[in-house]
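Readers should treat all values here as calculations from the given coordinates under stated rules, not as data from a laboratory. Only a predicted model underlies this, so the values are computations on that prediction, with no experimental measurement involved. With ideal geometry, Cβ positions are generated from the backbone for all residues, glycine too; neighbour counts draw on all protein chains shown.
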């Protein structure tokens with residue numbers, strides 16, 4: 001990947017937006033039916049008389065944010081993504097009161113609280129500050145929801161982030177993803193007492209998320225079936241609760257090649273899965 005070329009393209013795109021007329025064109029398209037409008041409709045919406053100058057600005061946006069169609073002009077996916085990002089991040093509450101959760105801290109047993117700061121939700125213990133789950137969540141997602149619905153929406157959002165990252169697709173720019181495994185606490189060797197973390201990092205935009213191994217297998221067919229047969233809907237387990245089922249039974253068996261072994265215990269039974277460095281479940285026992 002040519003980072004210099006990508007940085008230049010990003011800079012050029014920002015430069016395109018440093019113009020009031022172009023921003024008005026994009027805004028008019030965002031508010032047009034099906035994000036499509038004719039040349040005349042856009043010019044009237046922007047309020048520009050000079051057709052030549054208006055065409056120039058349209059041409060500047062074309063190929064990056066806008067494309068020409070038989071019926072006029074419409075947004076490219078990048079133009080729509082820009083609007084959605086702005087709509088989600090600049091409108092809505094800046095903060096909400098901490099939300100009590102029904103899950104207790106695995107370290108000290110105190111009920112977890114869902115806390116929102118800097119557009120990130122953290123399922124965190126208020127006493128020892130141990131974090132069970134965290135992920136970015138835009139302000140727009142807080143509106144028109146009760147606290148219970150906010151918690152549910154955050155979990156649904158996190159599930160999709162983790163699933164995409166695990167499958168090697170960046171949820172922010174659709175590029176490839178690298179997975180780094182690390183053992184923390186204990187003696188750091190991946191033995192009993194260590195906590196295994198996985199950091200998923202986009203190779204293009206640098207977006208990242210840290211997860212636990214069990215979060216990456218909680219929706220695996222073998223796990224879903226194992227839970228279902230024992231009266232538990234595995235697809236409904238919140239991410240901040242997933243560690244309860246395997247926190248003490250997760251080990252980094254090998255770091256070259258990477259192999260993480262996760263044992264889930266439920267109703268006196270066990271299910272063990274082996275996860276490799278590409279986030280693939282290689283073996284299932286139980």
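Below are the figures for this structure:
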read-out	value
Extended-chain gain in nm, criterion 0.36 nm per residue less alpha-carbon gap, residue 232 and residue 147	28.2 nm
Length added when fully stretched, residue 249-residue 285, from 0.36 nm per residue minus Cα-Cα	11.6 nm
Separation between Cα centres of segment 66-119 and segment 128-159, rounded to whole Å	9
MRE, 222 nm, helices only [DSSP H, n ≥ 4, -39500 (n - 2.57), over the chain, to nearest 500]	-10000 deg cm²/dmol
Relative contact order for the chain, counting Cα pairs under 8 Å that sit 6 or more residues apart, in percent	9
Compactness of the chain, expressed as Rg and Dmax over alpha-carbon positions, Å	23.5, 76
Percent RCO, i.e. relative contact order, over segment 68-212, from Cα pairs under 8 Å lying at least 6 residues apart	13
Virtual paramagnetic centre 7 Å along Cα→Cβ of residue 127, amide N under 17 Å, in segment 72-111	100-111
Two-site FRET efficiency, residue 50 against residue 12, from Cβ-Cβ distance with R₀ of 35 Å, rounded to 0.05	0.90
Label-point separation in nm, residue 34 to residue 94, each point 7 Å along Cα→Cβ	4.1
Approximate shape of segment 11-90 as ellipsoid semi-axes (Cα gyration tensor, √5λ), whole Å, largest first	18, 14, 12
Relative contact order of segment 3-90, defined on C-alpha pairs under 8 angstrom at six or more residues apart (%)	27
FRET efficiency estimate (nearest 0.05) - Cβ-Cβ, residue 219 to residue 110, R0 35 angstrom	0.80
Ranked by how many other beta carbons lie within 10 Å on average, peptides 256-265, 97-106 from highest	256-265, 97-106
